[in-house]
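The values are calculated or read from the model by the stated rules, or taken from the named source; none is laboratory data. What you are looking at is a predicted structure, and each value in this text was computed from that prediction instead of being measured. Cβ placement follows ideal geometry from the backbone for every residue including glycine, while neighbour counts extend to all protein chains displayed. Side chains included, ligands, DNA and RNA excluded: accessible areas come from the protein's heavy atoms. Shrake-Rupley method; radii C 1.70, N 1.55, O 1.52, S 1.80 Å.
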Amino acid sequence: MSEPTVTEPLTADPEMLTVIGADGGVVRPDLVPDAETLVRLYRAMRRARHFDERAVVLHRQGRMGVYPPFGGMEASQAGTALALTHDDWLLPTYRDTGAALTYGLPISQIVLYWRTSPHGWAMPEGLKVLPFYIPIATQYPHAVGCALAERMQGRDNVAMAYIGDGGSSEGDFHEALNFAGALNAPCVFILQNNGWAISVPTSSQTRAVNLSRRAEGYGIPGVRVDGNDIVAVYHATCEAVARARRGDGPTLIETVTYRVKPHTVSDDPGRYRTEDLTHEWLLKDPVTRLRTYLTGAGLWDDAREAALTEEVTGEFEAAVEDADRFGEPTPSEIVDHVFATPTPQLREQQRQLLEEYGA
């Protein structure tokens, strides 16, 4: 393994942690992990990107519903999810398919979910991941509840929840941080500042520049990380998870990244932002960044890239075939998986559906 070149971040920010710079050079040599970890981080990002790109194709083919891409945010999602164990909780937003995929949610399940099929709504038994909820910032108070429930049962498991920059303007964000701080809940709050709340830029949402500082108002640590540097993201998240697990309370991590893709496949971002800004962020692409470093360090080459591409392609195609084996859902199935124990009202709704449609 050759000695890495020390470089400066593309955009210097003394309050933002960067380990691998936008050009693939090293900013913090002391925080570069071992070769095995680096390759694992890269593989997770490539796998997430392959899913994201193919999901858009499925939508265009009429084989998947409206889908919110996360392209450009792979480091922020994979780097955080890899810091958890499967005893921990993961609470994603609708854009965090990459995080759920990395955590262990099967591809076929995700495809069914974004096909709006009830067969994809129930999370696999034993996998502590909640569905992709659409309401903004509700993931944070849910995480506090999950974390406190784990502690009440004598376990040291952690709950990690995601929101975007727009979510930090919601009341749920502030209430959750207040409860988590006051109750010392073992939570890790991921705030993915990707520049946009649909078509509203962050600068129009708030005068705050460093959103991680909002943690100070609740007496908990706030960390700002280069969200396109998976090494920095992984390092900061591992520290936050360890802190929560040993009983030292929650952490807010702001990952500064950019949504280079549309808000959803039905969105036209050209109506509210310039291509020049998107191109500027493409120069900081998280996948290219780490691959450049790995190649320079002798840990990656074209043959390994080709083998990985073949692997993730085969995995995705097989998973889509599995999803295709599920038939069209019956009307009564739309009320399945709403509650663990159906309410009397839900049972009545299902009875009416069965009576009217016979299935």
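See the values below:
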{"read-out": "Matching entry among HIS86, HIS142 (being assigned to a loop (DSSP other than H, G, I, E, B), open to solvent by 50 Å² or more (accessible area, probe 1.4 Å) and without any contact (Cβ under 8 Å) to a residue 60 or more places away in the chain)", "value": "HIS86"}
{"read-out": "Test result for TRP89, among the aromatic types (Phe, Trp, Tyr) and farther than 17 Å from HIS263 by Cβ", "value": "yes"}
{"read-out": "Within the range 278-359, helices (runs of 4 or more DSSP H) holding 3 or more residues that are within 21 Å of TRP121 (Cα to Cα)", "value": "302-324, 344-357"}
{"read-out": "Which listed residue is free of Cβ contacts under 8 Å to residues at least 24 places away in the same chain and not polar (S, T, N, Q), from ALA159, ALA149, ALA180, ALA176", "value": "ALA149"}
{"read-out": "Single condition ALA81 does not satisfy, out of (1) on the phi < 0 side of the Ramachandran plot; (2) open to solvent by 10 Å² or more (accessible area, probe 1.4 Å)", "value": "(2)"}
{"read-out": "Some residue of the range 107-127 being touching a strand residue (DSSP E or B) at 6+ places or on another chain (Cβ under 8 Å) and modelled with pLDDT of 95 or more", "value": "no"}
{"read-out": "Qualifying residues in the range 146-192 (those that are of a type in the set (Asp, Glu) and under 15 Å from LEU252 (Cβ atoms)) - the one farthest from the chain's Cα centre (by Cα)", "value": "GLU175"}
{"read-out": "Tabulated pairs, the range 17-44, first at positive phi, second open to solvent by less than 30 Å² (accessible area, probe 1.4 Å) and in a helix (DSSP H, G or I), C-beta under 8 angstrom, 6+ apart or interchain", "value": "GLY24/ARG289; GLY24/LEU290; GLY24/TYR293"}
{"read-out": "Qualifying positions in the range 202-233 - in contact (Cβ under 8 Å) with a residue 60 or more places away in the chain and open to solvent by 40 Å² or more (accessible area, probe 1.4 Å)", "value": "VAL223"}
{"read-out": "Selected residue (criterion: nearest to ALA208 (Cα to Cα)) from residues of the range 248-263 that are among the aliphatic types (A, V, I, L, M) and outside any loop (DSSP other than H, G, I, E, B)", "value": "VAL256"}
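Each row is one residue, and each column tells you yes or no for (1) among the β-branched types (Val, Ile, Thr); (2) under 23 Å from ASP226 (Cβ atoms).
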{"residue": "TYR94", "(1), (2)": "no, no"}
{"residue": "ALA99", "(1), (2)": "no, yes"}
{"residue": "TRP114", "(1), (2)": "no, no"}
{"residue": "ILE136", "(1), (2)": "yes, no"}
{"residue": "ALA147", "(1), (2)": "no, no"}
